[in-house]
Each structure stands twice: as structure tokens, then as C-alpha cells.
């Protein structure tokens, strides 16, 4: 679906449940995004598939183009309660520090602001997640507000499309 120099992004499905559980089972990975049982993962992935059907976007599995290995997830998530589309990224710890999050997120932003025609995309980052904050800054996001997401405090960052006042996809 989305391809970069090193990555391929494809819609997540319920068939990714075992991988999803393994990804989030790592204590350092789950520190900000939580862990999942198989049933919880299947339910979350079902919701992601529904979002793809209803909104034409959702979260993607991120695979290495060279090997096909699934190394993380990145994509867009619609939050009804905030009336916002958020970009999110989570990668297996063995793949941290290689620029994959920035590369995948940059491609997702181009897709969101381009073919999907979104005006603004947010990034909801839990306090203390310095790595994700650094990715958001590299992508041009700026703080919008403080909020609570999944019962935890976070900073909500925003980026406007090129047609917006401050955005740069």
C-alpha cells in the first residue's frame, strides 16, 4: 500500500494478532502503549479493520522491504472523542534508532495530506516518551494542548497540511 526506500506499509488485520501481542509484550515497547492479551489484540485489530472500511485509513504493519519482516506499526487513527485523526507509531525495540519511525511516519503524513486530503494530523504522545517526541519534532509537529489519552496524560502535537497556516507534510 505505502512503500518507502526501506519499508512497506500494509493495513493491519485480525491475522496480525499474534504479532501484535508479541510486539506489545516487550516491557520497553509497552511502557507507553500498553500490552495486550490475544483477545484484546483481536478486538483492537477488528476495530482497526472497521476504521479502514469506514474511513479509508487506519494503522499499518510496517515491514522491511528487503526481508518482509514485520518490525512495527504506523498509521492513522480516528478518535471520535477528539474529532481528530492521529498518526501513531510503535516499533520493536530491536529496530529502534534506525530512523524507521520517521521514515514510516513521513510516508503516512504524505498519504494523509495528499490522497486522503486531511487538513490536520495530530500525534498524541504520553509524557516521558522522549523518542516519540523527537520523531514528532523531526516531522514538524508542534504542541497543541495537554490532554488525557487512555487514562494517561499526554501532549497532543499537531501538523497542518501545506494548505494550512503552519503545516509542512
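Each value in this text was obtained by applying a stated rule to the coordinates, not by laboratory testing. Everything numeric in this text was worked out from a predicted model, so none of it was measured. All Cβ positions, glycine included, derive from the backbone under ideal geometry; neighbour counts span all protein chains shown.
Assorted remarks:
- Cα gyration tensor category, rounded, prolate or oblate, for the chain with a/c compared to 1.5: rounded
- Shape category assigned to the range 1-72 from the gyration tensor of Cα positions, a/c cut at 1.5: oblate
- Across the chain, the mean sequence separation of Cα contacts (distance under 8 Å, 6 or more residues apart), normalised by length, yields a relative contact order of 17 percent.
- Computed per residue of the chain from DSSP H runs no shorter than four, each worth -39500 (n - 2.57), the mean residue ellipticity at 222 nm is -10500 deg cm²/dmol.
- In plain terms, the chain from residue 37 to residue 10 could stretch by 7.5 nm, reckoned as 0.36 nm per residue minus the Cα-Cα distance.
- Oblate is the label for the range 100-147. Its Cα gyration tensor axes, ordered a ≥ b ≥ c, give a/c of at least 1.5 and b/c at or above a/b.
- Percent antiparallel among DSSP beta bridges (both partners in the chain, rounded to 5): 95 percent
- With a cut-off of 20 Å on the backbone N, the residues of the range 100-118 near the modelled label site 7 Å out from residue 137 along Cα-Cβ are 100-106.
- Alpha-carbon centroids, the range 1-62 and the range 110-146: separation in whole Å: 18 Å
- Packing around the peptides 140-150, 121-131, taken as the average count of other Cβ atoms within 10 Å per residue, puts them in this order, highest first: 121-131, 140-150.
- Approximating the spin labels as points 7 Å out from Cα along Cα→Cβ, the residue 25-to-residue 64 distance works out to 2.0 nm.
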